[in-house]
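Reviewing the structure listed below.
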Amino acid sequence: MPRPHFMIALGLAASCGDDGSSAGAETSTGLALSADSSNSSSPGVGDTTGNKSSTDGRTTGPQPCDGPADCTDATAPFCNPAGECVGCGGLEPLVADDACLILDPSTPLCIDGTCVACTSDDTAVCDDQQLLCDDTDNACVACTAHEQCPAGACDFFVERCFDPGHVLHVGSGQPFPTVADGLSEVTSMTWSDAVLVLHEGASFNEVASLDTGAVAFVNAPSEMPQWIYSSMPATPTLTVTGADTRVYIQGILLRGNGNDVGLSCNGARVDVRRARIVQNTGGGIVASNSCQLYVENSFLGGSENGVGAVDVNSASASVLYSSLTSGFAGATALACTTPISVTVRNSILLVGADSDAVACDQATISTSATEDIVGNFNGTQAWFTDYAVGDLSLAPVGAVAFGNTAQWIDGDPSIDIDGDPRPAGDSGLDYAGADVP
């Protein structure tokens, strides 16, 4: 017996014979999906005789669907060989994926009777969009951590991964010895985004300025690269400007600027995670002119910090699970001038002197350790492992002082600055600051 041909109505034009059988119909893609259904016994819809009349008075046989226009239910968009509107699960397995692809290229796979975007074994649609595949819902989703992305960096502000073909390794013995060399390559390649993986073994005694595109500075796995600018002239170690500029920093120790701040954000967007921006005489981070600053699980400030750990001027800042300190009288952990918005949660904000740690009345600060709760440490430094070198990890007395201060909620980071796990469970009590001792 010859194999029957069948037609799947996908919302595309098809040509059928007057007797209800196909006439070698093809979709506009060239995929042959036609069927002789003259022997179908499926009853017609609204016709107790089993026949369905067409609009021109013809009788087409016992078919609830004659073509694409009849299958208007989104859950059953296909017309199968029996003349029934079905989901992709009602089609032969060999053609179900192709049918889904033709119907909607963004959901080209038939899984459990539904057209979906991806599976763990087939992520092509998500990869093309630099998104991730949620294998539970078989849908493309945005990244929420750098480590989730093939490139090792997530462009959080636009909710997609960095291009995995735009990764450069920087440091001694690497293809690009300095940060400047890496950024020069990005410019020459005219990339709109790039990941610079910094390695240990180089001090990167240099400054960098970015005014366009997206760049992620991330540490090589299990390494803590040090970016130390100790030269002249006085300038921020890293300057980021421009509304279209996005910069990400993770796992980098950015310290030792003896003349200026570690990081300056002017009108750009900057995301800092699991980083240490400490011992910079001019301050940790200055955010100004509508900068959007996000800080998570980071050490900012330290004993050499002469101005403030974070200074927000006509900008916005969100600080989560971070340790902000300053060692000098008159300096602050957090200061602001006409801010757009400032929110701080689950953090430490202290100075090692009898002065105000927070000079920002507009800030919303919650579940955090401030001088109002624990007082200032007045130079004793005993709460931290090695405050003199900017290590704000909690010493045993610090663990007592800052324990059960923070409150972890759903969506908060699951690890601390060192990768140690945080307590699981919504509304669970946790250590304030970046470190879980």
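Quick notes on this structure:
- Computed packing ranks the peptides 66-77, 158-169 as 158-169, 66-77, most packed first, by mean other Cβ atoms within 10 Å.
- With all protein chains modelled, accessible area of Cys291 [1.4 Å, Å²]: 0
- Taking the empirical scaling 2.2 N^0.38 Å for compact globular proteins as reference, region 72-212 has a Cα radius of gyration ratio of 1.50.
- Figure note: Thr325, Thr364 ranked by solvent-accessible area, largest first, 1.4 Å probe, ligands and nucleic acids not counted: Thr364, Thr325.
- Exposure rank, largest accessible area first [Trp227, Trp383; 1.4 Å]: Trp383, Trp227
- For region 176-244, alpha-carbon Rg relative to the globular expectation (2.2 N^0.38 Å, N residues): 1.12
- With the gyration tensor restricted to C-alpha atoms of region 222-339, the semi-axes of the equivalent ellipsoid amount to 18, 16, 14 Å, longest first.
- Tensor-based shape of region 300-437 (alpha-carbon gyration tensor, a/c under 1.5 rounded, otherwise prolate or oblate): oblate
The values are calculated or read from the model by the stated rules, or taken from the named source; none is laboratory data. Note that the coordinates shown come from a computational prediction; the quantities given were computed from them, not determined experimentally. Every residue, glycine among them, receives a Cβ derived from its backbone with ideal geometry; neighbour counts consider all protein chains shown. Only protein heavy atoms, including side chains, enter the accessible area calculation; ligands, DNA and RNA are left aside. Shrake-Rupley method; radii C 1.70, N 1.55, O 1.52, S 1.80 Å.
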